[in-house]
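In what follows, a single structure is set out as structure tokens and then discussed.
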Amino acid sequence: MAKEIGKDRLGDFYSHGKVRKRREWRGLKDTWYDYTRWLWIMKTLSLFLMKPRNIKGLFRYRWMVNYFAVPMMVDRHTQGLRGEYLRICHLEQDLIIEDVAKLLDNLFRGDRRLGNDTEFSKKVCLVDENEMTAILMGFPNVKGLSRETPATYVSVLLNQSAALHYIDVAQEYGLSGDVCPMPEAEAGVSIDDDYPVLGACAVQCNTTCDGSLMGNGVISKRLELEDGIPVFQLAAPLRHREDDVQEYAAQEVRNAIAFIEEHTGEKWDWKYYFECAKRVNESTRHRMDWLDMNKTDYPQVFGSNLALYTETNYMAICGKIPAFVETDRKISALAEQAYKAKKRAAKEYRHRAIVWGVQSHFYMDFLVWLLNCWGIVPLTDMLSMVSTKMIAEEDTPENRKQAIYDMAWLTENMIMRNRTHGGYKVLLDELWEFCEEFNADMVILWEHMSCKALDGMHGQFEEKARERGIKLMWVNHDLFDPRIVSRQGVRDQVNRYMRSVMREEPIDPSLEILPDEHSW
């Protein structure tokens, strides 16, 4: 047991069961801090389960059982961390846990099967998992709730096998087996009648791919035809970098806002919108500062600390919850403190990597593993490279007009969509620009077997990497379905590359092969 970073053999903590053999010793101060955060998580879960309707939800919805694994998920993402890095991770993870608990509580409050709070439900607008929630920044009294987020996305973060049942259900009903497992699982939950039913209306977006459109189609038909909930399809332009599509994009935002006003009875509030806009800009500035640090020899907010938090804060929160800006400030203070002291999150940094492509590293703490096992620093990832544009934040007549275009821009540049649409420049060319900016010597490129758009550019990625002398590591996976490529199957691809191509030995050999296929 060690206080210092990198002294433990982290792989020795794993057992062949669901949990690790023991908790990690980090010295008295950090171990006590980590333990208090564990207690806080248990308190949050306990308070959530004290409400009768939430207990009913635990037994009604199959995917709810995965939430017992929340403490273990956090343990996986904090392994090996000390000092500021440990605190940054807990600040982010704990806030996300609190936000998801509130999301579940609100879903069950309005659910016709559980809480059946009809007055509350009249002020709920459902949004799909990949929806940029900018269109709700002017509705202080409307709750924008995503059913897919807790049922599929978060469930898989907690338990790698959480979506398998729903993937199989979708295929039993005739959906193609080679479609992306993420929208297929979401459609499977709808087919299995395993979503809470609530809301005055719903807004879906033409998100990232044909698979997402397929899943949204299944879900919207059930919402409209069986549940009586009207659905608006927000069709953002695919060529989102072109000036000639922005007027169309803005009109889609106007139409979506009018739809929400019609079905909730609420009116757009410009004062509230610009309050949210200021928070969006502040969060963007903090994220840019973190990325600037990551361009130096002493990156501070990277890997899982950057990836999961960015996705939640940028897209799902979008300035509507002040607590996220407050956390941004705390993270920046910790990062600056560690940067001035020239601290590092592992005992050895060997390579600086950009992680690109449609990624599944959340459900297997891949980025933390890369750092601890091979000394590969995941400086940033594709989902974290979103808009750095400042939007209008002062309430003036001119800015009210501009705000519509700003919301359209945010919608067009929602996470992953801003890279999978818009032409090869945003997916291919800008990757190499980021490599130069971040002084990266390696690209780890997820090859999602069911993602037709990105897989079709395989040869172009390899050609450009050779031209620039950058090491390119392909990692195959199938996103939500570990039956196709397992956790160890993903790690084995990295292990083979590092040994055969890079001719290196792992920093922590105990992490090379882990008995974690049955763990949370």
Condition set surrounded by fewer than 20 Cβ atoms within 10 Å (Cβ to Cβ) and closer than 30 Å to P196 by Cβ, scope region 232-253, selection modelled with the highest pLDDT: answer is Q233
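Every residue, every condition in (1) over 21 Å from the mean Cα position of the chain (by Cα); (2) part of a helix (DSSP H, G or I), yes or no:
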| residue | (1), (2) |
| --- | --- |
| I444 | no, no |
| E447 | no, no |
| S450 | no, no |
| L454 | no, yes |
| Q460 | yes, yes |
| E463 | yes, yes |
| M473 | yes, no |
| F480 | no, no |
| R483 | yes, no |
By residue number, the members of region 185-214 that are free of Cβ contacts under 8 Å to residues at least 40 places away in the same chain and open to solvent by less than 10 Å² (accessible area, probe 1.4 Å) are A187, G188, S190
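Within region 430-440, which residues are open to solvent by 60 Å² or more (accessible area, probe 1.4 Å) and either under 30 Å from H16 (Cβ atoms) or not in a helix (DSSP H, G or I) (or both)?
If we filter region 430-440 for residues that are open to solvent by 60 Å² or more (accessible area, probe 1.4 Å), which is where we start, we get 433, 436-437, 439.
Answer for region 430-440, where residues must be open to solvent by 60 Å² or more (accessible area, probe 1.4 Å) and either under 30 Å from H16 (Cβ atoms) or not in a helix (DSSP H, G or I) (or both): just N439.
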When (1) open to solvent by 10 Å² or more (accessible area, probe 1.4 Å); (2) within 30 Å of V74 (Cβ to Cβ); (3) in contact (Cβ under 8 Å) with a residue 60 or more places away in the chain are applied to G423, the one that fails is (2)
### Message
Given the condition closer than 19 Å to W520 by Cβ, more than 21 Å from the chain's Cα centre (by Cα) and not in a helix (DSSP H, G or I), answer yes or no: does some residue in region 50-59 qualify?
### Response
no
When restricted to I167, I219, I191, the only residue within 23 Å of R109 (Cβ to Cβ) and of a type in the set (V, I, T) is I219
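Check region 392-401 and report whether any residue there is within 22 Å of the chain's Cα centre (by Cα) and assigned to a loop (DSSP other than H, G, I, E, B). Quick ask: steps written out before the conclusion?
We begin by selecting, within region 392-401, every residue within 22 Å of the chain's Cα centre (by Cα); these are none.
No, region 392-401 contains no residue that is within 22 Å of the chain's Cα centre (by Cα) and assigned to a loop (DSSP other than H, G, I, E, B).
Scan region 213-248 for residues that are closer than 13 Å to V127 by Cβ and either among the aliphatic types (A, V, I, L, M) or under 21 Å from the mean Cα position of the chain (by Cα) (or both) and jot them down. Talk me through it step by step, then tell me what you get.
Quick first cut of region 213-248, residues closer than 13 Å to V127 by Cβ only: 216, 219-220, 223, 229, 231-234.
Correct list: N216, I219, L223, I229, V231, L234.
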In region 281-314, residues that are under 17 Å from T411 (Cα atoms) and surrounded by 24 or more Cβ atoms within 10 Å (Cβ to Cβ) total 2
Requested in this report: Inspect region 60-69 for any residue being small (G, A, S), outside any loop (DSSP other than H, G, I, E, B) and open to solvent by 50 Å² or more (accessible area, probe 1.4 Å) and give the result as yes or no.
Outcome: no
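The values are calculated or read from the model by the stated rules, or taken from the named source; none is laboratory data. All values reported here derive from a predicted model rather than from experimental measurement. Using ideal geometry, Cβ is built from the backbone for each residue, glycine included, and neighbour counts are taken over all protein chains shown. These area figures cover heavy atoms from the full protein model, side chains too; ligands, DNA and RNA do not enter into them. Shrake-Rupley method; radii C 1.70, N 1.55, O 1.52, S 1.80 Å.
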